[in-house]
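Notes for the one structure printed next.
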Amino acid sequence: MTYTFCPGNNFIAPEQEAEVYALFRGQRVKLGIFKNLTDDTMYLSSEAATEAPLGEERVSYASSLEDLGNLNGPFGEFDIDIPTTQSQSGIGNFSFDLPTSGVLLPFDMNVQNINGDRVIRGVMSYNFLPGGPMMDMIDKTDKLADLDKLFFDIQRAVTKDEKEYAREDRELGFSTAFAGVRGWLEGRFVKTKSGHYVPGAAGMGIKTEVSGFANTGLYTPFFRSGITIGGELSTYASIEYPDTTGLGLVGNPIMRYYNDYVQHTTVNMNTSVYVQGGLDLYLARAVVGTKGSLGASFDSEVRYRPWLRYYTGQNVTNSLTYAGSKMWVGGKVEAYAEFKFLWWKYRKSYTLAQFNKTWYDPDGPSNPLWTADQSPKPATKVLRSSVYKPLKLSAAPENTNIILKDIDTYAEPRYLFGGKDLAYYKINPNDMSDAHIKFRSGTSFNGGKGEPIVSADVNSTANRGIMAYEVSTAASDQMENDSIAPRYVGIKASLYNGSSWTAPVVLSEANTTNFTPRTAIDSIGNAAVVWKGGSFVESDWGSELPGNIDGTLFMRRYNGKAWGNAMPLIKTDASRSVSDYAVAMLEGKPYILAAVGTETEKGASHALAAITYGADDSPMVITSTLGATNPQLVSFRGKLYGAGLVPKKGDDWRGDGDCRADIHLYEVATTGIIRDLGSLGLESRNIMDFRLVKSDEALAVVWRESMPILNDANNTYEYVPAVYSALVRSAEGEEDNRIYFTSCPQLLAKSENGLEISYYDAYLPDASSVTGAVTLYDATTGGANVVESTNYFDNDFILRHAGIDTKVEDGRDYGYYVVVFNEGKDVIDFVDLQFGKESTTRTIRTQIYPGQSEVLTDVAFYSNDIEKGIEPIVTPHFSESPLKVRSYAQAKAATMRRTSVNRRRTMRRNSTASNPVVRLQVVDMDIRPLSVLVGGSDRFLESSPDSLVKIDTLAKPQYRDSLPDNYTMVLLNVIDNSPVAQKADYKTTVSLYYDMAGHKPYEYVYPKELSAADFKNTGSAVARLVVGKVTESVTLYAVAHTTDAEGNIIKDQDQTNNAQTVYLTKNEIPDIPTGIDEIEIDTPETKATLEVEKVADGAMVKGLTPGKTLFVYNTRGELIHLYRLKGDETEHFVRLDAHGIYVFAEGKRSAKMLY
C-alpha cells in the first residue's frame, strides 16, 4: 500500500508536538500526534513518498477501540504498481483480494520505496498469554514515535537516542504482559545505474521474549501519584546486514557470506515514581510534580562475521567472532511543570539529580556492544545537517584560542585578505535552505540573505577576493534525499572589489549537477572559477574514485569587468575522473593542476595534469606520469608551484591514510610541463591531507596527520588527529642546483576529549610564522568550535642526549657523543662543541636539516669531573644556503650578527629543558629483537615491523620442546655498551611494556632478570620472555631496566636503543603461564592500597606480596625504583634522593606519598 507521509510541521522543537497525516489515494487521513522527547530539534521530511507498513498502526481506530479488526485492513487487498515503462507497453496496475480479509493476523508485511530501492519488510509478533494477541496489538499502537517504530523495535536496531519514549508517559499506559515470539524479515532490491534491480542487503531474525509492565496509582483532578515497574527477559538470533562500525576496513568487497550472524540476550528492569499536583482535566491541565526513575539492564551479544577474512583493518582481529556483554545502571530525579489546553501543550522539566553508569566486558573493540556505543557515527554531507547541538569546550586546547563557537561540523573557516578576515558557514537549524556565509569581522554577505549552501571555496589577495559556492537547486522537500539532492546543485560566485562583495551570480547554467568549485584571483581583479558539471552518477559500491559527475571540468574567467562564457577543459566520467584540482593566477591567466584518476585491477590510480594555454590562447591539457593526489597550486615570485601527496614507493595508494605518503613539490611551467622538485621529507608522519599556503614572502605547508597515543584505560593506541605546519625552504648551490626542504614541523592544534578535525586553513603573517584555524567537532552532536594558533619559526636546537661511547679508564682519553636536533628553519653547517666549561672548543663541520638530528663525537681526557658529571656546551651555526660552502669564520660572523628572539620557545614551553649531563656511573643497554616463536607451530612472527630475524636452526628444538602449545616466546639480545663495567650486584630486568619508557608493564609476561655476570664474557646476554594469554593482538615494547641491589634504577645514558617493538598475536589461552603473577587479572587484590611510611632517607613500603614487583615513580612520571620481592618478603625500603610526590605501585595497588 503506497501513501504519502505529511507532517504538520517540518521542525519539531524539544517537548513539542505536531500532527501527522498520510495521503491515501488523494484522501488525507490523520494518523496521530508526533511528540519530540529528545534534547534536539528534529526534522521530519515533508511530502516524502514511502510505503511503511500500516497493518497494525492505525491510531484512528485503535485509540478509540472501535474496530481493532481494521488494523489489518491492508491485508484485505494487495496492490501491485507497475513501472511506468511497462505501463506504456499496455500492462497496467492491478489489485486482488486476499483470503485473509477480516482475519486478525500476528504478522505484517509490506514493500517500501526507499531512495529508489525496493525494500521488503515483515514483522511478526504473537503473545501466548490469554488475551495476548489483542493486548499486543493495542501495545503496538501505543509506540507511534514514528511509523517504522514497530519494525525497528522488533528488529532491535537500536537508534542510540539518549532519551527514549518513557512507557508510563504514553496515552495507553495501562498494564500489559507478553510471553511469546517476535520476528522480523528484511530484503532489499537495489536499483543500478542501468535501471535494473539486483538483490542487496537481507536479514531475518527470531526472538523469544517474556516482558511486562505494571502501572498503578491515585488519580484525582487535583492530585496524582503513581508507580510503575517493568522488565524484560529475551533472546534473539538473527542474520543481519554487516555492521562495520569502528573496524576501519581495508580490502575488496566480497559478497559471499556477506552477513553478520548474531545472538543477543537482554535482561532489564525499570521502575518509576511520580507525585504531581494542580488542575488535571481531560481538556486542560496545569500541574507541577516530581518524578524519579531507576533502571538496570544486562545485554550480551555474539556476532560472527565470516566476511572479515577478506579484509584488514585497525580493529580487525584474526578471530571472526566478536563477543561481549554490557551492564547499565541509571537513575534520575526531575521536577516538571506542564500546561495543556486542547491540542496545545507545553512542558518544562529540570533535572535535580541523575547517574548513569555502563560497564563492558571486554572493554574494547572486540565487544560489539562497546563498538556500537563508542564509535562515532560517520558524517555525511548531502546538503548539510540541519540540526546540531552547540559544542561547549571547557577550555581551548593547549596554545590555542577559541574564535568560533556556535557552528556545525561543516563551517569550514577560510582566511581572507592575508588573515585580516575569516569566512565561514552558519546554518539555520530551523530551515536548511537558510544557510549564511559569515565573516569574523561582522560584515554581511549577500545582504544577509540565506541560501541552501552545500560547500564553497574562497581566494583573496591583500584587497581583492572571490567566493564560489554550491547551492542546492532541488525542491525544498528533496534537499535531504540522498538520491535526488545531489542531482540538483548549482554554482554561484561573488567578487570583492576592495570595499564590498558583489551580488552573487549563477555560473553553472547548462547542467543540473555541478560540484567542487575552485577559485583564484590576482591583485588587479582578474579571477576564475573551475568546477565539475554534468549529470550525477552514483558511485559503484566499493569504488575508490570520488568523482560523481559524468560530464566536464568547466572554467569561467572574470576580466575585471565581466564574466566570460563557460569553457570545457577536460571530460570527467567513470573511466577518467578528475578527483581534485587547484587554480592559481599568473600574469592575468588562470592555470590548473588536477589529479586525474582511473580505475585499474589494483584499484584507483592518480596522475597529475596541468591545464594551460595553446598558441590561440585556448585551454589545453598536459597529462604527466607523476602520480599524486590532493593537488595544490600557488603563484609565488613569478612562478607556479604545485604540491601533491605521493605514496611511499611500493605501497598501493588508497588515499585514506592506510599507507605512508609524503608531500612532493612541483614547478609547473606555463607550457604545462610539471617538474618534480622532490619530497619534503614528511613520509613518517602519517599525513591525511594538506594545504599549500603562501604570502609575498614565504611558502608553507599545513597538514592533518594521525598521532598514535596510548590509551591507559584499555592499553591500546588511538590515532588522534592533529594539524601541523612548516615553512617551505629552498637553497641554491653551484650551477643552479637548488634543493627544497621544510623547517622543523610545529603543532598548530590537536584533537582532545574524543573530538575530530574536519577542516583547517592558514595564512602567513610574516616570513617566519604561520597562523592556522582548525575546526574541532563532536561526531555525535555535529557541534563544532574553531580554534586558532600561531607557530613561530626561529633557528633553535635541542640537545637530545649525550653519553660516553668508549670504555673509560683512569688516565686515558675516552670518547663521548652528543645528539643535536635541529628545531629551526635553516640548516646547521657548523657546531662548536665544548665538553665542560674548562675544556677546549672543538668545531665540527656537519649538515643537519630542520627536523633531523645528528650524532657528533669527540674525545676527552679523563678527569675527576666525569665522576660528578660534565655538561656539554653546544653552539650551532645556521645557514640559509647549505649548498654554498662557507668558511667557519663566515659562519661565526653570521651567528654573531643575528639577534634572534625565540618567540616560539617562550610561548609554547612552560620551562626550558636543561642540557643532559654526561656521567660515568650509568649503563647503556642496547636491545636487539631476535624473534617471536609460537609454541606448537613453525610460525616465526615479526618481532619488529622493519625486520624479521629467525632463531638459529640449532636453537629451535630446545625452545620449542619446552614451550606449551600456543604460548608465545620472545627472544631478545641485550648488549651492554656501558662506559664502565657493571657492579657485581647490578641486575637488568627485561620485560614487555605498553610504552617505550617502560612504565606500564604488560600483564601476561614473565620478566627475565639478567645479572652482571651474564654480560661478563661476551658483553651481551639473551633474554627469553614467555607470554601466555594474549587477549588482543598488540604491539608492545621490550625494555631493559638496570637496578642496584636495593632496586634503585641506574640511569641508561641512551634510552633510544633501550626499547624495541614486539608484536604479539591474539591467542585463545585462558590462563597466564605458570609462575607469572606480575599482575593478577582474574582474582581481586587482597588489599586496596599499599602502606607507605616516611623514614630517614626514604620510605618503607609494607604489605607487599612476595614474588611481585614494586614500581616507584617520581613527580615527572619517571621510573626510579624497580624491585622484585624474594621469598617471604612483605616490606621494602626505597631510598629517595629529593623531596616531592612519589607513586608506589604493585600490580593494581598503588599509593602516593609526599616526601
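The values are calculated or read from the model by the stated rules, or taken from the named source; none is laboratory data. Computed from a prediction, not measured in an experiment: that's the story for all the values here. Note that each Cβ is placed from the backbone with ideal geometry, even for glycine, and that neighbours are counted across all protein chains shown.
Residues that are of a type in the set (A, V, I, L, M, F, W, C) and either surrounded by fewer than 18 Cβ atoms within 10 Å (Cβ to Cβ) or modelled with pLDDT of 90 or more (or both) within the range 259-286 comprise VAL267, MET269, VAL273, VAL275, LEU279, LEU281, LEU283, ALA284, ALA286, listed in sequence order. Listed by first and then second residue, the pairs with beta-carbon distance under 6 Å, at least 6 apart or on different chains, first residue in the range 324-341 and farther than 14 Å from LEU352 by Cβ, second aromatic (Phe, Trp, Tyr) and surrounded by fewer than 17 Cβ atoms within 10 Å (Cβ to Cβ), are MET327/PHE298; MET327/TRP359; PHE339/TYR346.
Output the residue which, of all residues in the range 995-1029 that are outside any strand (DSSP E or B) and among the basic types (Lys, Arg), is surrounded by the fewest Cβ atoms within 10 Å (Cβ to Cβ). Among them, the one singled out is LYS1016. Please tell me if THR1109 is modelled with pLDDT under 90, surrounded by fewer than 18 Cβ atoms within 10 Å (Cβ to Cβ) and of a type in the set (Ser, Thr, Tyr). Taking the combined requirement at face value, the residue does not satisfy it.
Listed conditions (1) in a strand (DSSP E or B); (2) under 22 Å from the mean Cα position of the chain (by Cα); (3) not small (Gly, Ala, Ser) are all met by VAL728, apart from (2). The residue of the range 684-697 that is surrounded by the most Cβ atoms within 10 Å (Cβ to Cβ), among those that are over 11 Å from VAL634 (Cβ atoms) and of a type in the set (A, V, I, L, M), is ILE687. Scanning the range 824-842 for residues that are exposed (fewer than 14 other Cβ atoms within 10 Å of the Cβ) and either at pLDDT 90 or above or polar (S, T, N, Q) (or both) yields THR840, THR841. Of the residues making up the range 227-251, those that are among the polar types (S, T, N, Q) and either at pLDDT 70 or above or in contact with a strand residue (DSSP E or B) (Cβ under 8 Å, 6 or more places away or on another chain) (or both) are THR228, SER234, THR235, SER238. Quick one: which residue in TYR350, TYR346 is modelled with pLDDT of 85 or more and farther than 21 Å from THR266 by Cβ? None of the others qualify; the one that does is TYR350. Quick check: anything in the range 1066-1085 modelled with pLDDT of 80 or more and outside any loop (DSSP other than H, G, I, E, B)? Checking the range 1066-1085: not a single residue is modelled with pLDDT of 80 or more and outside any loop (DSSP other than H, G, I, E, B). Of all residues being within 28 Å of the chain's Cα centre (by Cα) and outside any strand (DSSP E or B) in the range 621-635, which is nearest to ASN459 (Cα to Cα)? Just the residue, please. Applying the filter and picking the extreme gives ALA628. Annotation: of all residues in the range 468-499 being hydroxyl-bearing (Ser, Thr, Tyr) and within 32 Å of the chain's Cα centre (by Cα), the one that is farthest from VAL537 (Cα to Cα) is TYR469. Which members of the range 1034-1054 meet the condition of being buried (at least 16 other Cβ atoms within 10 Å of the Cβ) and modelled with pLDDT under 85? Matches in the range 1034-1054: VAL1034, GLN1053, ASP1054. Selection of the range 442-483 for residues being in contact with a helix residue (DSSP H, G or I) (Cβ under 8 Å, 6 or more places away or on another chain) and small (Gly, Ala, Ser) yields SER472, ALA474.
Residues in the range 962-982 that are closer than 13 Å to GLN1053 by Cβ and surrounded by fewer than 21 Cβ atoms within 10 Å (Cβ to Cβ): ASN977, VAL980.
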